[in-house]
Amino acid sequence: MNAPILKTEEVDNIGIVTLDRANKRNALDESAVEEIDHYFSNIPSHIRVIVLQAEGDHFCAGLDLKEHHDQERGAVDFLRVCQAWHRAFDKIQHSGTPVIACLQGAVVGGGLELASAAHIRVADKSTYFSLPEGTRGIFTGGGATVRTANIISANRVVEMMLTGRVMDIEEGHRVGLAHYVCNTPENPKNVKEFGLELAQKIAQNALLSNYAIVTSINKIADMSATDGLFAEGLMAAVVQTGADVQQRLNDFVTKRAPKVKPE
Ligand code: 1HE
């Protein structure tokens with residue numbers, strides 16, 4: 001039985017969740033997935049944004065292959081494991097609180113599925129991505145066919161799974177697996193510092209706007225255009241009743257709000 005994997009702390013209203021099993025490259029066993037589910041099911045109400053990061057040189061090596069090997073799971077056993085992963089990662093994506101993943105090194109298999117559930121991915125230039133399930137004789141079970149495919153296309157997921165190849169950070173950035181790359185001449189910041197800065201910026205948005213952004217857009221993408229436009233209108237109608245909206249609009253009207261312009 002491994003020690004708990006999650007280390008949690010708070011910086012003001014930002015929750016910082018750290019995978020802390022670097023000696024096993026943050027591989028996820030059953031109890032690790034339960035811990036993730038528990039944290040994201042019980043986000044304290046004062047937490048406005050969450051940073052999901054990892055200790056060590058690698059973000060996450062995916063499914064704990066040692067546990068999987070030792071348990072010799074049958075089909076139903078593994079179906080239940082996959083359902084637990086889906087439940088936990090659904091909480092990350094749909095809790096209503098924005099989640100920023102800070103990546104480095106290996107983001108592979110279930111590690112990529114975990115990163116795909118976050119709303120923003122910030123990556124160190126050491127980051128690489130892979131779906132090596134085929135080489136291990138298994139199949140993705142943590143949402144890659146849905147969430148990773150939504151990001152990079154089903155066609156790219158098929159190719160990555162068939163070949164098990166490593167996708168470097170340049171390609172990962174280009175196809176949307178990383179929104180930002182750190183430790184580069186253009187952006188010399190450390191990935192965790194940059195992720196926290198981004199979280200602090202996002203925490204200043206209106207609470208209801210952030211809630212709507214992270215809960216509705218992915219769901220609307222699954223709807224017909226007619227249903228989606230109806231849902232969008234409803235969401236917009238609710239969001240603009242938020243407590244601080246009138247103040248924010250007043251700041252603009254009285255020319256006190258910052259303008260939208262290149263940095
Ligand atoms: C692990 C795991 C793991 C490392 N389960 N123990 N994922 C994979 O196929 C990736 C497997 N891991 C690797 O390819 C490499 O470990 C890494 C490229 C991530 C890192 O390499 P390296 O040289 O830094 O570390 P290492 O020496 O390979 O591993 C250090 C230790 O971590 C070692 O244990 P030790 O007791 O010998 O020290 C490794 O056994 C252990 N370790 N990765 C268990 N994954 C819901 S379905 C999801 C499907 C999947 O995720 S499939 C993809 C599985």
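The values are calculated or read from the model by the stated rules, or taken from the named source; none is laboratory data. Small disclaimer: the values here were computed from a predicted structure and weren't measured. Note: ideal-geometry Cβ built from the backbone for every residue, glycine included; neighbour counts use all protein chains shown. Heads up: the accessible areas ignore ligands, DNA and RNA and are worked out on the full protein's heavy atoms, side chains in. Shrake-Rupley method; radii C 1.70, N 1.55, O 1.52, S 1.80 Å.
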Some residue of segment 27-41 being open to solvent by 40 Å² or more (accessible area, probe 1.4 Å), in a loop (DSSP other than H, G, I, E, B) and more than 10 Å from the ligand (Cβ to nearest atom): no
Count - residues of segment 52-101 that are in contact (Cβ under 8 Å) with a residue 24 or more places away in the chain, within 12 Å of the ligand (Cβ to nearest atom) and of a type in the set (A, V, I, L, M, F, W, C): 13
Some residue of segment 159-166 being open to solvent by 70 Å² or more (accessible area, probe 1.4 Å), more than 16 Å from the ligand (Cβ to nearest atom) and in contact with a strand residue (DSSP E or B) (Cβ under 8 Å, 6 or more places away or on another chain): no
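For segment 54-67, check the following and say yes or no: at least one residue is basic (Lys, Arg) and surrounded by 14 or more Cβ atoms within 10 Å (Cβ to Cβ).
no
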Residues being within 15 Å of Gly195 (Cβ to Cβ), of a type in the set (Gly, Ala, Ser) and within 10 Å of the chain's Cα centre (by Cα) - total across segment 98-142: 3
Flag if Leu196 is in a helix (DSSP H, G or I) and outside the structural domain of Ile50 (by TED's automatic domain parsing): no
Test result for Gly141, surrounded by fewer than 23 Cβ atoms within 10 Å (Cβ to Cβ), touching a residue at least 40 places away in the same chain (Cβ under 8 Å) and small (Gly, Ala, Ser): yes
The listed residue being within 14 Å of the ligand (Cβ to nearest atom) and within 22 Å of Ile50 (Cα to Cα), out of Gly110, Gly134: Gly110
Qualifying residue in segment 84-94 (condition: of a type outside the set (Phe, Trp, Tyr), part of a loop (DSSP other than H, G, I, E, B) and in the same structural domain as Phe40 (by TED's automatic domain parsing)): no
Matching residues, segment 203-231, being in a loop (DSSP other than H, G, I, E, B), hydrophobic (A, V, I, L, M, F, W, C) and surrounded by 15 or more Cβ atoms within 10 Å (Cβ to Cβ): Ala203, Ala206
Candidates Arg136, Arg156, filtered to the one that is open to solvent by 70 Å² or more (accessible area, probe 1.4 Å) and either of a type in the set (A, V, I, L, M) or within 28 Å of Ser95 (Cβ to Cβ) (or both): Arg156
Lone unmet requirement of (1) assigned by TED's automatic domain parsing to the domain that holds Thr127; (2) in contact (Cβ under 8 Å) with a residue 40 or more places away in the chain; (3) open to solvent by 30 Å² or more (accessible area, probe 1.4 Å) for Pro188: (2)
Condition check for Gln83: open to solvent by 10 Å² or more (accessible area, probe 1.4 Å), farther than 28 Å from Glu10 by Cα and modelled with pLDDT of 95 or more: yes
Residue list for segment 1-26, filter: basic (Lys, Arg) and more than 16 Å from the ligand (Cβ to nearest atom): Lys7
